[in-house]
Amino acid sequence: MKISILDSASLGSDISLDCFNSLGSCRIWPHTSPDELADRISDCDIIITNRVILGPEQLTLAPRLRMIALTATGYNTVDLKACDERGIAVANVRSYSTNSVAQHTFAMLLYLMENTPYYNSYVRSRKYESDRRFADVSSPWNEIAGKTWGIIGMGAIGRKVAEIARAFGAEPVYYSTSGVDRKEEYTRLSLDELCRRSDIISIHAPLNENTELLLGRAQFALMKKGVWLLNLGRGAIINEPDLADALKNDEIRGAALDVMTEEPPAEDNPLLPLIGERLLITPHNAWGSIESRRRLVDEVYKNIDAFLKGENRNRVRQDV
């Protein structure tokens, strides 16, 4: 059994991958470019990857391939129809990063909402030492308590964020991106109504035909000028040029993004020059706490082990 891990760098160098050696001969590469792919999967039985594109053309390079084990929940990088036709199993990992992403959501919000960049600079610049005031509150900030927190995408992460928001004293409301009517303990709103009512909006939805460019100029115009917008779903859910305009025109208070339409972003991305006290961007690492990455590797191992035993675990397609 030959296993190839094509992009181990996304898992971090501090997480051991030795467990996969017990399943077969495991080869590990930090990154794999399209030009390198053929050499690395031509004799491969199992591929472990996150972002390497595996479409019909790429799959023909691996005639022995039996399984693709994704180190992610999303599977848009894999052509499922081609895998079905070739009898290749595809398995993903689910709910491993809920605590990590929820925690990062609040870390990002509090960093901006409490004006941490300003106060950190104030102390580091040694201004505090010569100030006659014992406390500087010259850059006002607000409490989460009493605010309406709008959540776009009420899955496992959205529910966790709602739970924590309620503990802070906020009122969670949500918009269902799937349109499926489930019993939730929070108020469900239309997208326009959520935009109008919310003081804080956080996105925890996948990218699909229902969510692509979900928020743009029209939605920003509905939002309160004091709203904080957080995207921890997928970058293309927000129209980035429209968000840049909304920030520059003071249509919204600020934004925190852990995801972008293109990752890493292009140098001419209109949001990059705006990074500062009103815009925070982190490099798609909300999911990546040490505990979360350990759970991820363990889940991938269990998916492969189950497959080798003829068991169906976390299959993206049940009929594969």
In whole Hz, the Karplus estimates of ³J(HN,Hα) for the stretch 228-233 (6.51, -1.76, 1.60; θ = phi - 60°; x where Gly or Pro) are 9, 10, 10, 10, 10, x
Among (i) 20.6, 96; (ii) 20.6, 63; (iii) 22.0, 74, the entry derived from the coordinates for Rg and Dmax of the Cα atoms in Å | (iii)
P(r) tail fraction, the stretch 180-320 - alpha-carbon pairs more than 22 Å apart, % = 50 percent
By accessible area (1.4 Å), largest first, Ser198, Ser121 order as Ser121, Ser198
Comparing Trp141, Trp149, Trp228, which has the greatest mean-square fluctuation in the GNM of the chain with Cα pairs linked when under 10 Å apart?
-> Trp141
With charges only on Cβ, +1 for K and R and -1 for D and E, what is the dipole size of the stretch 189-320 about its Cα centre, in debye, rounded to 20?
-> 480 debye
Most fluctuating of Arg182, Arg40, Arg126 in the GNM of the chain (C-alpha, under 10 Å) is Arg126
Descending Cα extents along the principal axes, the stretch 48-151, whole Å | 74, 33, 18
Could you pull out every residue, at least 5 positions away or on a different chain, whose amide H is within less than 5 Å of the one on Thr148? Hs are placed 1.01 Å off N in the peptide plane, and Pro or chain starts have none.
-> Glu171, Asp199, Ile200
Rounded, prolate or oblate: which one fits the stretch 221-264, using the alpha carbon gyration tensor with axes a ≥ b ≥ c (rounded when a/c is under 1.5, else prolate when a/b beats b/c, else oblate)?
-> prolate
Within the chain, helix-based [θ] at 222 nm, where runs of 4 or more DSSP H residues each add -39,500 (n - 2.57), nearest 500 = -9000 deg cm²/dmol
Expressed in square angstrom to the nearest 10, the accessible area of Glu240 with a 1.4 Å probe stands at 20 Å²
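When ligands, DNA and RNA are left out and all protein chains stay put, how many square angstrom of accessible area per residue does the chain have with a 1.4 Å probe?
50 Å²
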Run the accessible area of the chain with a 1.4 Å probe and give the carbon-and-sulfur part as a rounded percent.
-> 49 percent
Integer Hz, Karplus 6.51/-1.76/1.60 couplings in order for the stretch 40-53, x for Gly and Pro = 8, 10, 4, 10, 8, 8, 9, 10, 10, 7, 10, 10, 5, 6
For the stretch 105-208, alpha-carbon Rg over 2.2 N^0.38 Å = 1.36
Report the accessible area of Arg278, computed with a 1.4 Å probe over the heavy atoms of all protein chains in place, in Å² rounded to the nearest 10.
-> 70 Å²
Please turn the phi angles of the stretch 168-178 into ³J(HN,Hα) values with the Karplus equation 6.51 cos²θ - 1.76 cosθ + 1.60 (θ = phi - 60°), one per residue in order, whole Hz, x for glycine and proline.
-> 6, x, 8, 9, x, 10, 8, 10, 8, 6, 7
Return the long-range amide H neighbours of Val90 (sequence gap of 5 or more, or a different chain), with a cut-off of under 5 Å between placed amide H atoms.
-> Ile68, Val316, Arg317
DSSP beta bridges in the chain [antiparallel fraction, %, rounded to 5] | 5 percent
If you rank His31, His284 by how much accessible surface each has, with a 1.4 Å probe, what is the order from largest down?
-> His31, His284
Max mean-square fluctuation residue, GNM over the chain, Cα-Cα springs under 10 Å, options Ser178, Ser95, Ser139 | Ser139
Virtual spin-label span in nm between Arg66 and Trp141, 7 Å along Cα→Cβ = 5.4 nm
Taking amide hydrogens as modeled 1.01 Å from N in the peptide plane, which residues meet the under 5 Å criterion relative to Ile48, leaving out close sequence neighbours?
-> Ser4, Ile5, Leu6, Ala69
Considering only protein heavy atoms, with the full assembly of protein chains and a 1.4 angstrom probe, order Lys248, Lys225, Lys183, Lys147 by accessible area, largest first.
-> Lys183, Lys225, Lys248, Lys147
If you take the charge dipole of the chain about its Cα centre, with +1 on Lys and Arg Cβ and -1 on Asp and Glu Cβ, which of Pro34, Val78, Ala286 is farthest toward its positive end?
-> Ala286
Keeping all protein chains in position, work out how much accessible area Thr98 exposes to a 1.4 Å probe, and write it in Å² to the nearest 10.
-> 20 Å²
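The values are calculated or read from the model by the stated rules, or taken from the named source; none is laboratory data. Given the structure is predicted, the values throughout are model-derived calculations rather than measurements. All Cβ positions, even for glycine, are placed from backbone atoms using ideal geometry, and neighbour counts span all protein chains on display. For the accessible areas, the whole protein counts, side chains as well, though only heavy atoms, and no ligand, DNA or RNA atoms are used. Shrake-Rupley method; radii C 1.70, N 1.55, O 1.52, S 1.80 Å.
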